[in-house]
Every structure is written in structure tokens, then in C-alpha cells.
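To start, the structure itself, in C-alpha cells.
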There are 2 protein chains.
Amino acid sequence: MKIATWNVNSIRTRLEHVTQWLTDTSVDVLCLQETKVVDESFPRSPFTDLGYHVYIYGQKSYNGVALLSRTPLENVSMGFAPEVADVDADLEEQKRVIAADFQGYRIVNLYVPNGSSVGSDKYDYKLRWFKVLHRYLQSLLAAQPQVLVCGDFNIAPEDRDIHDPKGREKQVMATEAERQALQAIADLGFADAFRKFNQEDGQFSWWDYRAAAFRRDLGWRIDLHYLSPPLYERAIACTIDKAPRKLEKPSDHAPVTVELTDS
Amino acid sequence: MKIATWNVNSIRTRLEHVTQWLTDTSVDVLCLQETKVVDESFPRSPFTDLGYHVYIYGQKSYNGVALLSRTPLENVSMGFAPEVADVDADLEEQKRVIAADFQGYRIVNLYVPNGSSVGSDKYDYKLRWFKVLHRYLQSLLAAQPQVLVCGDFNIAPEDRDIHDPKGREKQVMATEAERQALQAIADLGFADAFRKFNQEDGQFSWWDYRAAAFRRDLGWRIDLHYLSPPLYERAIACTIDKAPRKLEKPSDHAPVTVELTDS
DNA sequence: GAAGCGGACG
DNA sequence: CGTCCGCTTC
């Protein structure tokens, strides 16, 4: 079983890249972020034509997440409700969370707020959002010990996940407060699937469009698969596919795939 | 000597087309319209690198004219002032006129208002603008009998300059009032250089982006060179180059070149 | 309806 | 650098 996460930076603009990649890789579930389209305008048929079931939670212009699956998914939920009560309205407005049951476990697909710059309102929003995510995942785990949380986390977990960790404390996606928020999630009982197989630094999933960052390999590893123990046991591979990032008009993110034993 | 006029519909978007065309054609002076950029952001160096001197009169988003010349130009003037006094402020606000001395004659580069639709405020603006243009050119001719006026006139002089003249009286760019305004300019002593050499109908310089107008050759001849008698005598060719209109992401206008004897 | 710009966001 | 949108123009 292969589960992939890919921030596509507009599903409409990246339609060809995504359908081609699905054809090439045959992943079982693809978790998309930054679809940037309202549900009525999501291009469903290119994916149903390939045999995928489509579950979407989108909005105009920004954010938006989706699940594509070769088999139907059960109990699809959008946003933090009803797992978490009393979520600030502004944290639920942005469409960043979609989850569903697949093969007896729960897949949670996240598009974590970027945070803009340290100390900005958006940075505060990101940290508030993580507090709610913590409660949300805590609630999920209480009901179901098998959880896979993936997506664009907009945080590099460690210094080896950044091309240049110098001065990182001032850099959004690398500050101590963000890493602590991420660690609090991990402490619920999640482990980073990629690091089960690969300890090297310089393994990136995102490269800024600016400053020829991809050509110079100035990237960050911010697209992650966090697995609860029973799934972490079953993980047999986790890979970043840089090929789509080399195409014309690419997303700034590469897809990341985790493979689990069938058990 | 070759003088060309080209409405490029954004010099920044069309930069490659224009530099390539200059390289291919080696015109002496290129008169640009709809540069759509403030002077500080005009891409000067691509043209200076090709050996052109650059004179610009631009504004944000709309309008904007420029002169590119292989040799330095003298007495460059922008707008109607100081030739015409007491011009309504709204007629000078839009950057549509740039002029300069070249080889002993004056080149006037115009971007005539489009006029939107008959009876609209913009249509009235266009006719008012022509009244000032008339005074402006009258003043120029009094000082200097050798004048070349070119640009996007947004008027087709005759029915043979329109793909379908039926119902043209209701069509902006072809109404009687507009043609009379244009004729009043001609009556100052200008003649249409193109018609010195070519009497055929269906000779167009502009094709709407809509309705596959270019493919179906549904165009208009609205990009003109008007020459005062001494220059008209010297004209030895006037041609519309449709090649750039066939490129990817073209301007909706083709460049029009007039050639004069060196005399 | 096609295409431009500017501004927000990343 | 590249997405989206609202706006304007033609």
C-alpha cells in the first residue's frame, strides 16, 4: 500500500502533472494540498477516469485539501470538528484538514499554515492552529490507534532538513516554537516515516520558486508522513520523488510516498 | 531609413518578441504603444544592449509610448505641451504622445484612445483628444514641414480597412465622427503612407484576441503612418509584418514599417 | 472572451 | 518565481 502527499500549488494548474504522476506511480491514496479551488470547480473527472475516488475540501484562491483513492474511503471528515469542540472560528474557516478511514486505519491530510514571518499575525495563527491540531489528533488516537498524518507541515523537523540551518531561529518553518509545536504532535505517539529509512541531510521536498532554489538544491524537508506505532512498524519505504519538480511549470513541492506492508 | 510602429500590449510581456523583431529587421526607429509600465520599470537594457537609444513616456497599467532609435534623438517631447496651451488636464494625464527630431524631420508617436463604444464617455474623450491632436500637429507643422505621425490610431480610415464594413457606423473605430476627426488631421497635409503602395482591401494590422479573429483574418488596419508632403515623396515602401502576430502570446497588433529614401 | 496589471500569499 | 483574483481594457 502506497500513500503519498503532494502540495500541488493549484490542482487546476497542475492537473497534467498530477494525472501523469498517478499513472506512473499507481499510489493507492494521494493526499493533496493547496488545491486552491472551490469544490464545485475541482476537476474530478480526470481522476475518476483514472479509477480514483475523489474527496475534496476546498475554498477559493487559498488552501484546499483533497484525498484521491483507488478504493472508496469511509468516514470522510473535513476540518477539526467534530473531534474538537470550541475551535476558534478563524481556525476552521481555512480548509486545511481532511481525513478518512482506509484499510482499517485513519489517514489525516494536513495543509499547515505557512506562518509568513516570525512575529506576524499569521505566525501566531500557525501556533494557535497547532494547539487545535494537537487536541484533534489526541482525540483521534483515543478512538483509533492506527493513524497516518501526512501533508505539508510547513516546518522542517530538524536542522538536517534545511539546506542552511544558520540563523534558522529567525526563519519561519524552523523556529524553536514551531518545532516544539511539531514535537508535541510527535509526542502523542507519531514518528517521521522518512527517518526510518534515511538519515542523510540534504533530503528536501520543497524548494522556493525564487532564486533558482531548485537548481541549486536549496530546499527544505517540510512534507512529512507521521505514523502511529502500529503503522510505523509496517512502513517499508518512504521516498521523495523529485522528478515532477523538474517539469515545466512545476509545483514548488515534490510528492512524498510512504509504503506500508499489506498486513 | 526605416521607421516602424507597433502596439505591443505590454512591453514587459512582449520583450522577447520585440527584441527578436529588432534583431531581425534592424529598423532605425521603433515607435511603441501600450507599453503599460512606469518609466522606472521600463526594460531599458535589452534595447540598449542591441544598440538602441530609449525614450519613454509611460504610466502604470495603461497606455504608455516609447521611441527606440539606433541614433540619439533630439528635442524629445512628451504629451501635447508645450505645443498646445490650455489642454484639459484629463487629456494630458494619459501617456499617449511622444515625439522627437530624427534626421531633420519630426517623428510623432501616438496611442489614440480606443473609445470603448459609441456614445460612451470614452468615445467622447477620444473625439476631444482628436481636437487637441489637431491643434498640436498644426503647431508642429508651422515650425517644421517635415513630420511623420505614426501609431495606433484606433480608427480604420476607410471601409477597405475593415474586414466587414457592414454596420460600421455603430462600431467604434469606424464611425463617421471618428473618420472625420482623422480626416481633419489628414487635411493638415498628411497622407497615409500605406496607400501610396497598396490599394487592396483586407490589409490589416490589428486582430482582436477574441473569436479566433487572427486565424479567420477578421482584422482592421488601424496602425498608420501619416506623412507630410516632403516625407511622403520620400516613402519607398510601407509594409505590415504579420509574423509576430503568429507567435505564442502575441500582441494583438502587427508592426507596420515605412521606408524612406535617405535624401 | 482574451489578456493585461497589481496585490496578496507563499 | 508563480499561484489566484478583481479589475480594466479592448
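Throughout, read-outs are computed from the coordinates displayed, never taken from laboratory work. Quick caveat: nothing in here was measured; it's all calculated off a predicted structure. Quick reminder, even Gly has a Cβ in these numbers, built from the backbone with ideal geometry, and neighbours come from all protein chains shown.
Approximating the spin labels as points 7 Å out from Cα along Cα→Cβ, the residue A:184-to-residue B:203 distance works out to 7.6 nm.
For every helix of n ≥ 4 consecutive DSSP H residues, a contribution of -39,500 (n - 2.57) applies; sum these over chain A, divide by its total residues, and give [θ] at 222 nm rounded to the nearest 500 deg cm²/dmol. Don't skip to the answer; put the middle values down first.
On the way: 6 runs with 60 residues, N = 263.
Computed ellipticity for chain A at 222 nm equals -6500 deg cm²/dmol.
Each part gets one Cα centre, and for the range A:207-263 versus the range B:192-256 those centres are 53 Å apart. For residue B:122, the label point sits 7 Å beyond Cα toward Cβ; its separations from the matching points on the remaining copies run 3.4 nm, from shortest to longest.
Name the residue from A:151, A:133, A:167 whose Cα lies farthest towards the positive end of the charge dipole of the range A:116-167, charges +1 on Cβ of Lys and Arg and -1 on Cβ of Asp and Glu. Value: A:133.
When 1/r is averaged over all different Cα pairs and the result inverted, which Kirkwood radius in Å belongs to the range B:164-263?
Details: mean 1/r = 0.0668 Å⁻¹.
Result for the range B:164-263 stands at 15.0 Å.
Considering only the other residues whose Cβ falls under 10 Å of the Cβ of residue B:204, what net charge follows from Lys and Arg at +1 and Asp and Glu at -1? If you can, show how the numbers build up before the last one.
Numbers: positive: B:221, B:242, B:245; negative: B:161, B:201, B:217, B:223.
Here the charged neighbours net out to -1.
Straightening the chain between residue A:142 and residue A:246 buys 33.3 nm, computed as 0.36 nm per residue apart minus the Cα-Cα spacing. Membrane-span-like helices in chain A, defined here as complete DSSP H runs extending at least 20 Å along the helix axis by their C-alpha atoms with mean Kyte-Doolittle hydropathy no lower than 0.0, are absent; this is a sequence and geometry rule, not a statement about a membrane.
When every Cα-Cα distance of chain B is counted in 5 angstrom steps from zero, the calculated P(r) takes the values 1, 6, 14, 19, 22, 18, 13, 6, 1, 0 percent. Taking the Cα centre of the protein assembly as shown as origin and assigning +1 to Lys and Arg Cβ atoms and -1 to Asp and Glu Cβ atoms, the resulting dipole is close to 420 debye.
Which net charge results when you count Lys and Arg as +1 and Asp and Glu as -1 among the other residues whose beta-carbon is under 11 Å from that of residue B:70?
Working: positive: B:2; negative: B:28.
Net local charge, residue B:70 excluded: 0.
Separation of the alpha carbons by more than 18 angstrom is noted, of A:36/B:60; A:126/A:170; B:122/B:249; B:60/B:95; B:166/B:246, for A:36/B:60; B:122/B:249; B:166/B:246. Treating r as the C-beta distance of residue B:211 and residue A:127 and R0 as 51 Å, the FRET efficiency rounds to 0.45. Distance between the C-alpha centres of the range A:16-74 and the range B:11-34: 43 Å, rounded to the whole angstrom. Over the protein assembly as shown, the fraction of Cα-Cα pairs per 20 Å bin, rounded to whole percents and listed from the shortest bin up, is 20, 34, 26, 19, 2.
Only Lys, Arg, Asp and Glu count, each charged at its Cβ (+1, +1, -1, -1), so figure out the dipole size of the range A:2-260 about its Cα centre, rounded to 20 debye. Please report the intermediate quantities before stating the final value.
Numbers: 31 positive and 37 negative charges, 98 e Å.
Computed about the Cα centre, the dipole is about 480 debye.
List the aspartates and glutamates whose alpha-carbon lies under 20 Å from that of residue A:196, not counting same-chain residues fewer than 8 positions away? Here the aspartates and glutamates satisfying the reach criterion relative to residue A:196 are A:152, A:158, A:159, A:161, A:187, A:223, A:233, A:241, A:259, A:262.
Extending 7 Å from the Cα toward the beta-carbon at both residue B:236 and residue A:166 defines two label points whose distance is 6.4 nm.
Distances between copies at residue A:263, taken between label points 7 Å from Cα along the C-beta direction, are 9.6 nm in increasing order.
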